[in-house]
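The values are calculated or read from the model by the stated rules, or taken from the named source; none is laboratory data. Keep in mind the model is a prediction, meaning the values are calculated, not measured. Cβ: placed from backbone, ideal geometry, glycine included. Neighbour counts: every protein chain shown.
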Amino acid sequence: MDKTNTVKILGSELPEDHFLVKPGRSIEDGVDLMKSLMLENYKKWSNIPEDKTASECAESDVIRENMYSEFANKLGHIKGNKYIKLTTGGRNSACGFIVNTHNDKKFKYGDVLKAASWCAPARNFPRGNVIEDTVEDMRRGLSWTGPC
């Protein structure tokens, strides 16, 4: 595979025209991409080799690898009428929100919002858009703790 026409996500090379990589993706694919980029950022922050999976880390004797596995297993989302809540560590731990309606007066469908609390987004300005942004734009505006 030609590296100039690929994007690396969680250690895997994906072609630039892959449905997860190119802008115009579905909101569901955007949520999955956002969670993958959060996991990728956690791995980098923890100095875990990019080819090591969460299940391999679960069986490791290295504490930071166990913690990565736990983070990966608890990273999730809850779909609501207005927002999709990104969760870490359970239902009551939000790290970000994604606008899940076309009827918001201030934000576009797919806009990424920082968490103001465990149940509400910060509605000051969007931190990106999971449908329209490139992978690199999403990487810049995201860490393992959520939208920046």
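Miscellaneous remarks
- Whichever residue in region 126-148 is of a type in the set (S, T, N, Q) and surrounded by fewer than 19 Cβ atoms within 10 Å (Cβ to Cβ) and, among such residues, is nearest to K44 (Cα to Cα): S143
- Condition broken by G146, with the remaining ones in (1) modelled with pLDDT of 95 or more; (2) over 14 Å from K82 (Cβ atoms); (3) in contact with a strand residue (DSSP E or B) (Cβ under 7 Å, 6 or more places away or on another chain) satisfied: (1)
- Condition met for E136 (of a type outside the set (S, T, N, Q), assigned to a loop (DSSP other than H, G, I, E, B) and out of contact with any helix residue (DSSP H, G or I) (no Cβ under 8 Å at 6 or more places or on another chain)): no
- For beta carbons closer than 6 Å, sequence separation of 6+ or different chains, a first residue in region 20-34 that is at positive phi and assigned to a loop (DSSP other than H, G, I, E, B) and a second that is among the acidic types (D, E) and loosely packed, with under 14 Cβ neighbours inside 10 Å, there are no qualifying pairs.
- When I78, I84, I98 are screened for being in a strand (DSSP E or B) and loosely packed, with under 13 Cβ neighbours inside 10 Å, only I78 passes.
- Yes/no for F107 being aromatic (F, W, Y), part of a loop (DSSP other than H, G, I, E, B), free of Cβ contacts under 8 Å to residues at least 60 places away in the same chain and exposed (fewer than 14 other Cβ atoms within 10 Å of the Cβ): no
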